[in-house]
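Next up is a structure, given as structure tokens.
The values are calculated or read from the model by the stated rules, or taken from the named source; none is laboratory data. Nothing here was measured: the structure is a model prediction, and the numbers come from that model. Cβ atoms come from the backbone with ideal geometry, glycine included; neighbour counts cover every protein chain shown.
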Amino acid sequence: MKNTTPFRRIAPLSLAAAFLIAAVPRRLPAAPPAPVEALLYSTMPSTAAHRPEMAMDGDLGTFFRSVYGMDDGDDFLILLSRPIPVRSLRVTTGDAAGENLLTNGYVETSPDTIHYSRAASFDGAGVAAAALYGAPVAALRIRLNPHQGLPSLLIREIALDSPVPITHVQQGPGRGFPDLSQTPDRTPALQVWAQKAERQMESFWPDTDALLYSDGFIPPNMVNVVYRTGPRVTGVAATGGGVMTVNTAWCDQHPDDTGLTVHETAHVVQAYSTYNPVWLVEGIADYIRWVKFEPQNFHPQINVQRSTYHDSYRTTATFLAWCEIHYDSALVTKLSRAIRFARYSNDLFKTYCGKDVDTLWSEFVAAYRADPANIITTPVAAADRPRSLPGVTAGTSTPVDLTAAFDTTGLFNDGTASPGAGGVDGEGFGYSAQLLGASQTPNGVTFRLGPAGAPDMVTAHGQVIPLPASSYASLWLLGTGVEGGQRAQTFTVTYTDGTTQVLSQNLSDWFQPQDFPGESRAVRMPYRDTASGARDTRPFYVYSYGFALDAAKTVRSLTLPTNEYVKVLAVTLAK
């Protein structure tokens, strides 16, 4: 049968149109959104077993749990690295047995970390859930209803349904979150005060954490700083229940006293189970502020006739600092740990300092009477005190024969293997004998060096080196430290009358000059030799050290320190 269906002829495509169609790109699948990071903050302490990150690890078998109770000023806060669209959220609290459920609280979200709105309330099962329909979320926080309390906050999981993955969750750096909303008159001066205080708290929070560290204990890493005024507001500042309250009247009257928030931050980090003993708790907080944070502004004024170590605040802070300088440099950390776990007693002073607290206070009072201005100034070690090198009369150098004392092979011949030689550092590296030569004369003092490839230097083990009996104006050493700079080394000169003179010196590492007092770079060498005969083409040094002697006495011997990292190449006496 003939096909009678009308046929419509289609015009052929032009060449240009064909190219146009070919040029239209194929639609590629959309790139996945870049992930975000989350910083977790809590006004409540926890432990390593139930860290804040466990509230957001996707595992219902792990959870965050606060060590102490939760008040209506406490927060658990999540800050995202940027706002993300969230379809829904779900927060589950309480353990598997249904204990520690949060039923009188709510969840707030914020698109900008500044303005918050309630997203969901917790139900009787301890769950808060809400559909957000893609609303932007930059922060989320969990709070209690007003005038409510909870024995412990236990967050089993926080789940955010979003097309943007949250790939990294960690605790945020400690900081205060200022709140000036309760201050009717937010003057520019108050805002400047609050901003400065916020920066100070954030910058010194890590140091405070370190000073008050306890194994397995995770202190709070945030506090809400509320600025208020009025007859019922604390006179200066007070901290508790997740809130630091600062009296704005005090801020107005003391524009430079932002350091008071560092004292209060110490209380946040202390997070002690009991506020006992009060004098020590407050003394530690003032120690952190005045001794560690702003010592330049601290000038102790103590009435030694009436004061005691338990007067708290600055008096106790000064006493603690003095004890650390003279007895135990970690005393405050140790006492804080004892308070945190309710194990403190005054007997701990004897445990850590070797003396009971009353004896220590008596010594402190005597020291304060003798020099109040420097009561907590750390004494400068003898080796650290600036000194001038003694003068040397030309031609008076008397090198000391160290042949009998040489016990280390540290001078290598270039290009020659020295198998079995420990070298200067005990690891097979030595000075080039060709660069050093048989003698050196820095600062007008002549040193005589030992033979290469044989014992030619002394490793300090407390040896007594005989000296040529005569009177001299100065003693000089050619040497170095290895394995880093060697500080506070003691060389002792014994005179024929039985008296001694202690010479204290820091010695730089042969690769890292530190220009210590009394030290000179005697020789700079462009390389050192290895035991295989190769070269390490970096600069290395040998140093000279000068000490003034009692020229009215006759020398007998020199006793070296006991430190295998101190190397002596030569000794010279001069007039």
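If you go through segment 148-170 one residue at a time, do you hit one that is at positive phi and in the same structural domain as residue 67 (by TED's automatic domain parsing)?
No - not one qualifying residue is present in segment 148-170.
Right, another one. Being of a type in the set (A, V, I, L, M) and in contact (Cβ under 8 Å) with a residue 40 or more places away in the chain is the filter here; which residues of segment 195-211 pass it?
If the condition is that a residue be of a type in the set (A, V, I, L, M) and in contact (Cβ under 8 Å) with a residue 40 or more places away in the chain, then 197, 201, 211 are the ones that fit.
Here's another thing I want to ask about it. Residue by residue through segment 309-344, note down the ones that are touching a helix residue (DSSP H, G or I) at 6+ places or on another chain (Cβ under 8 Å), in contact (Cβ under 8 Å) with a residue 40 or more places away in the chain and of a type in the set (D, E, K, R).
340 - this is the single residue of segment 309-344 that is touching a helix residue (DSSP H, G or I) at 6+ places or on another chain (Cβ under 8 Å), in contact (Cβ under 8 Å) with a residue 40 or more places away in the chain and of a type in the set (D, E, K, R).
Is it true that residue 519 is within 21 Å of residue 442 (Cβ to Cβ), touching a residue at least 24 places away in the same chain (Cβ under 8 Å) and acidic (Asp, Glu)?
In short, yes.
For segment 505-521, does any single residue satisfy the condition of being farther than 19 Å from residue 572 by Cβ and of a type in the set (Ser, Thr, Tyr)?
The answer is yes, given that some residue of segment 505-521 is farther than 19 Å from residue 572 by Cβ and of a type in the set (Ser, Thr, Tyr).
Next question. Of the numbered conditions (1) over 23 Å from residue 563 (Cβ atoms); (2) in contact (Cβ under 8 Å) with a residue 60 or more places away in the chain; (3) in contact with a strand residue (DSSP E or B) (Cβ under 8 Å, 6 or more places away or on another chain); (4) surrounded by 14 or more Cβ atoms within 10 Å (Cβ to Cβ), residue 417 satisfies every one except a single condition; which is it?
(3)
Within segment 422-442, take every residue that is in a strand (DSSP E or B) and not hydrophobic (A, V, I, L, M, F, W, C) and give me the one that is surrounded by the fewest Cβ atoms within 10 Å (Cβ to Cβ).
439
Quick one: which of 400, 464, 380, 445 is touching a Lys or Arg at 6+ places or on another chain (Cβ under 9 Å) and either farther than 15 Å from residue 569 by Cα or surrounded by 13 or more Cβ atoms within 10 Å (Cβ to Cβ) (or both)?
Going through 400, 464, 380, 445 in turn, just one is touching a Lys or Arg at 6+ places or on another chain (Cβ under 9 Å) and either farther than 15 Å from residue 569 by Cα or surrounded by 13 or more Cβ atoms within 10 Å (Cβ to Cβ) (or both): 400.
Mind checking which residues of segment 328-369 are at pLDDT below 95 and within 21 Å of residue 381 (Cβ to Cβ)?
328, 329, 330 - these are the residues of segment 328-369 that are at pLDDT below 95 and within 21 Å of residue 381 (Cβ to Cβ).
Let me ask you something else. Considering only segment 259-280, I want to know if a residue exists there that is more than 22 Å from the chain's Cα centre (by Cα) and of a type in the set (Gly, Ala, Ser).
yes
Let me ask something else. Among the residues in segment 345-356, are any surrounded by 18 or more Cβ atoms within 10 Å (Cβ to Cβ) and touching a residue at least 40 places away in the same chain (Cβ under 8 Å)?
no
Could you check how many residues of segment 467-486 are surrounded by fewer than 14 Cβ atoms within 10 Å (Cβ to Cβ) and either among the acidic types (Asp, Glu) or closer than 13 Å to residue 574 by Cβ (or both)?
Within segment 467-486, residues that are surrounded by fewer than 14 Cβ atoms within 10 Å (Cβ to Cβ) and either among the acidic types (Asp, Glu) or closer than 13 Å to residue 574 by Cβ (or both) number 3.
Out of 422, 428, report the one residue that is closer than 20 Å to residue 563 by Cβ and touching a residue at least 12 places away in the same chain (Cβ under 8 Å).
422
Please return the ranges of strands (runs of 3 or more DSSP E) entirely within segment 75-164 where 1 or more residues are under 22 Å from residue 219 (Cα atoms) and in contact with a Leu (Cβ under 9 Å, 6 or more places away or on another chain).
Here the list reads 76-93, 127-144, 154-161.
Determine if segment 540-560 includes at least one residue that is touching a His at 6+ places or on another chain (Cβ under 8 Å), touching a residue at least 40 places away in the same chain (Cβ under 8 Å) and not acidic (Asp, Glu).
The answer is yes; a qualifying residue exists.
Next question, about the same structure. Given the residues 239, 261, 229, 245, which is the only one that is at pLDDT 95 or above, more than 21 Å from residue 292 (Cβ to Cβ) and surrounded by 14 or more Cβ atoms within 10 Å (Cβ to Cβ)?
245
Here is a follow-up. Residues in segment 149-172 that are surrounded by fewer than 19 Cβ atoms within 10 Å (Cβ to Cβ) and either touching a Phe, Trp or Tyr at 6+ places or on another chain (Cβ under 6 Å) or without any contact (Cβ under 8 Å) to a residue 60 or more places away in the chain (or both): how many?
Qualifying residue count, segment 149-172: 1.
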